[in-house]
Amino acid sequence: MAEDNAPPELPEGSKALILSEANILFDTYLQSMQQQDPDHQQNPMLLKAKEYTVRFANMSNTTTIRKMREMMATQGLTEFELAQLVSLNPADVDEARALIPSLEDKNRVSDEAMQRMLTELSSYVSVT
């Protein structure tokens with residue numbers, strides 16, 4: 001695999017968030033801030049990021065997100081690849097490989113395995 005296609009390494013102990021997870025964290029944080037200080041004015045950039053996650057989050061049920069993450073974690077993907085695959089929700093194997101260059105290596109993840117992941121992912125996305 002070419003060096004350019006390697007997924008970014010995350011700091012030890014960290015986890016790449018799926019947009020749906022980020023959306024839930026924003027909700028929790030914003031509610032907490034509002035409860036602490038009803039007059040608190042949120043940072044406009046934070047609100048823009050929240051709007052982005054609302055627009056592109058493809059799951060809202062925390063149980064569904066957890067089950068999907070557990071299923072995807074058994075597929076040999078890095079945290080970054082898992083988060084990208086779930087957040088982007090590609091329609092097919094070719095699109096997945098085009099959007100996530102580190103998945104281009106068919107020896108690492110076969111087309112059949114990738115298709116199974118995408119089929120499973122689509123079943124979780126539709127159950128929001």
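The values are calculated or read from the model by the stated rules, or taken from the named source; none is laboratory data. Note that the coordinates shown come from a computational prediction; the quantities given were computed from them, not determined experimentally. In this analysis, Cβ positions are derived from the backbone assuming ideal geometry, glycine residues included, and neighbour counts consider all displayed protein chains. The area values use the complete protein model at the heavy-atom level, side chains included, leaving out ligands, DNA and RNA. Shrake-Rupley method; radii C 1.70, N 1.55, O 1.52, S 1.80 Å.
A few remarks follow.
- Every pair of residues 6+ apart whose Cβ atoms lie under 7 Å, when the first sits in the stretch 22-50 and is free of Cβ contacts under 8 Å to residues at least 12 places away in the same chain and more than 25 Å from S87 (Cα to Cα) while the second is open to solvent by less than 90 Å² (accessible area, probe 1.4 Å) and in a helix (DSSP H, G or I): H40/M33; H40/Q34
- Some residue of the stretch 68-84 being at pLDDT below 95, touching a Phe, Trp or Tyr at 6+ places or on another chain (Cβ under 6 Å) and within 17 Å of A57 (Cα to Cα): yes
- Remark: pairs (first residue in the stretch 60-83, more than 21 Å from E9 (Cβ to Cβ); second residue polar (S, T, N, Q) and surrounded by 13 or more Cβ atoms within 10 Å (Cβ to Cβ); Cβ separation under 7 Å; 6+ apart in sequence or on different chains) = S60/S20; I65/S20.
- Test: residue in the stretch 14-27 that is more than 27 Å from E120 (Cα to Cα), open to solvent by less than 80 Å² (accessible area, probe 1.4 Å) and outside any helix (DSSP H, G or I): no
- A single entry from R97, R69, R55, R108 fulfils the requirement of being of a type outside the set (D, E), open to solvent by 60 Å² or more (accessible area, probe 1.4 Å) and either assigned to a helix (DSSP H, G or I) or touching a Lys or Arg at 6+ places or on another chain (Cβ under 7 Å) (or both): R55.
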